[in-house]
Amino acid sequence: MVDYMELAEFADSLFEASDDDDELLGKMLDTVDEETRGALLSSDLLNAYQVFYYYFRETPDELTMERLQLHAASDLARGLVIDEVDIYEVIFSMEDGEPVLLLTDGESTLARFSGPEAYAKIARYIEECL
């Protein structure tokens, strides 16, 4: 188990070295051991946008980015609404260390995608099916 204080110091060193460059932070996280990376990606030390970028290596639209930046990575355990399309919501969450995107009407799930391709797949689904 990773000590929280050590994890916080390590996160600070990553932020300083990456200088707010999302791409560089993602590359640096790739080099971190799996246990430490998992702890960071599910902690309050990173924001949800940094987790989003790490997994998908894409910059979403400005509103989605702002929504993600306002939440800690730990909030992804419950899921966050990152977009609305007509009457549907796109929810980003983490399940067992995997990114998951859902398209839901609030009562039922229309589509569910997981893994690093989930963002591209849900965008394609929305474009083709809605």
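The values are calculated or read from the model by the stated rules, or taken from the named source; none is laboratory data. All of these numbers come straight from a predicted model, not from anything done at the bench. Please note: Cβ atoms are built from the backbone with ideal geometry, for glycine as well, and neighbour counts cover all protein chains shown. Just the protein is used for accessible areas: all its heavy atoms, side chains included, with ligands, DNA and RNA removed. Shrake-Rupley method; radii C 1.70, N 1.55, O 1.52, S 1.80 Å.
Quick notes on this structure:
- Percentage of interatomic Cα-Cα distances in the chain larger than 26 Å: 21 percent
- With a Förster radius of 41 Å applied to the beta-carbon distance between Lys27 and Leu110, the computed FRET efficiency rounds to 0.75.
- Two-site FRET efficiency, Leu130 against Ala72, from Cβ-Cβ distance with R₀ of 41 Å, rounded to 0.05: 0.85
- Sparse packing (at most 16 other Cβ atoms within 10 Å of the Cβ) combined with a DSSP loop state is found for none of the chymotrypsin sites (Phe, Trp or Tyr not before Pro) in the range 1-84.
- Å² per residue, accessible surface of the chain at 1.4 Å: 58 Å²
- Only one residue of Leu46, Tyr4, Ala123 has its Cα farthest out toward the positive end of the dipole of the chain, where Lys and Arg carry +1 and Asp and Glu -1 on Cβ, and that residue is Ala123.
- Rounded to the nearest 10 Å², the accessible area of Met65 at probe 1.4 Å: 40 Å²
- Under the convention that each Lys and Arg Cβ holds +1 and each Asp and Glu Cβ holds -1, the size of the dipole of the chain around its Cα centre is about 380 debye.
- Helical mean residue ellipticity (222 nm; -39500 (n - 2.57) per DSSP H run of 4+; nearest 500) of the chain: -14000 deg cm²/dmol
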